[in-house]
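The values are calculated or read from the model by the stated rules, or taken from the named source; none is laboratory data. Source: prediction; values computed, not measured. Positions of Cβ are generated from backbone atoms using ideal geometry, with glycine treated the same way; all protein chains shown enter the neighbour counts.
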């Protein structure tokens, strides 16, 4: 990821569920969104990235390599600039299944289960992420599961 800004507090235990949301305007030619269950170097975690044309990707980051878990193109009526993006990372110990959910504006929630949940270490981070240039973010919110 080109740019990452983490929330000020680490998540402990790292398998604690999170729901983050932000209003984002992606960079021209780039993508921006949210990252969760991230290691401090942001090379491990899950991210949802939105492009200006309405492309949405849910990524699994492990050791700096990104794997696309799901990719969709928003319908024209679901697109706006800026856009409200939400990312939920479910609970689950490293190596066990973890369910992720995401939505952009009024799009239906998309769900993906990673059968081999990543291990961010002794704590996890949640925050903002951009690729391909600077993005504009506003109204970041983070909720923690029980």
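Checking the structure you have, find out if any residue of the stretch 56-73 is assigned to a strand (DSSP E or B) and closer than 14 Å to residue 124 by Cα. Explain how you work it out, then say what you get.
Restricting attention to the stretch 56-73, the residues satisfying the condition of being assigned to a strand (DSSP E or B) are 56-62, 65-73.
Now restrict to residues that are closer than 14 Å to residue 124 by Cα: 61-62.
Within the stretch 56-73 (the criterion being assigned to a strand (DSSP E or B) and closer than 14 Å to residue 124 by Cα), the answer is yes, since at least one residue qualifies.
Within the stretch 126-136, can one find any residue that is more than 14 Å from the chain's Cα centre (by Cα), farther than 14 Å from residue 86 by Cβ and in a strand (DSSP E or B)? Reasoning before the result, please.
Residues of the stretch 126-136 more than 14 Å from the chain's Cα centre (by Cα): 132-136.
After this cut, where a residue has to be farther than 14 Å from residue 86 by Cβ as well, the list is 132-136.
Restricting the remaining residues to those that are in a strand (DSSP E or B) gives 136.
Yes, the stretch 126-136 has at least one match.
List the residue pairs whose Cβ atoms are under 6 Å apart, where the first residue sits in the stretch 1-13 and is at pLDDT below 90, the second is part of a loop (DSSP other than H, G, I, E, B), and the two are 6 or more positions apart or on different chains.
1/42
With the condition kept exactly as written, say whether any residue in the stretch 54-69 is touching a residue at least 12 places away in the same chain (Cβ under 8 Å) and touching a helix residue (DSSP H, G or I) at 6+ places or on another chain (Cβ under 9 Å).
Yes, the stretch 54-69 has at least one match.
For every residue, the table says whether it meets (1) touching a helix residue (DSSP H, G or I) at 6+ places or on another chain (Cβ under 8 Å); (2) closer than 19 Å to residue 23 by Cβ; (3) not in a strand (DSSP E or B).
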site	(1), (2), (3)
81	no, yes, yes
84	no, yes, no
91	no, no, yes
96	no, no, yes
99	no, no, no
102	no, yes, no
112	no, no, no
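Of the residues 73, 114, which single one is over 20 Å from residue 131 (Cβ atoms) and either modelled with pLDDT of 95 or more or touching a strand residue (DSSP E or B) at 6+ places or on another chain (Cβ under 9 Å) (or both)? Outline the logic, then answer.
Details: 73 fails: over 20 Å from residue 131 (Cβ atoms).
Just a single option satisfies the conditions, and that option is 114.
Could you list, in sequence order, the residues of the stretch 23-41 that are over 25 Å from residue 81 (Cβ atoms) and surrounded by fewer than 23 Cβ atoms within 10 Å (Cβ to Cβ)?
The initial filter retains those residues of the stretch 23-41 that are over 25 Å from residue 81 (Cβ atoms), namely 37-41.
Answer for the stretch 23-41, where residues must be over 25 Å from residue 81 (Cβ atoms) and surrounded by fewer than 23 Cβ atoms within 10 Å (Cβ to Cβ): 39, 40, 41.
Identify, from the list 56, 68, 4, the residue that is within 15 Å of the chain's Cα centre (by Cα) and either surrounded by fewer than 16 Cβ atoms within 10 Å (Cβ to Cβ) or more than 27 Å from residue 116 (Cα to Cα) (or both).
68
Examine the stretch 15-22 for a residue that is assigned to a loop (DSSP other than H, G, I, E, B) and surrounded by 20 or more Cβ atoms within 10 Å (Cβ to Cβ), and state whether such a residue exists.
Taking the stretch 15-22 as the starting set, the residues that turn out to be assigned to a loop (DSSP other than H, G, I, E, B) are 15-17.
Going one step further and asking which of them are surrounded by 20 or more Cβ atoms within 10 Å (Cβ to Cβ), we end up with 15.
Checked against the condition, which is being assigned to a loop (DSSP other than H, G, I, E, B) and surrounded by 20 or more Cβ atoms within 10 Å (Cβ to Cβ), the stretch 15-22 yields at least one hit.
Among the residues of the stretch 122-139, write down those that are within 23 Å of residue 98 (Cα to Cα) and surrounded by 15 or more Cβ atoms within 10 Å (Cβ to Cβ).
The initial filter retains those residues of the stretch 122-139 that are within 23 Å of residue 98 (Cα to Cα), namely 122-129.
Matches in the stretch 122-139: 123, 124, 125, 126, 127, 128, 129.
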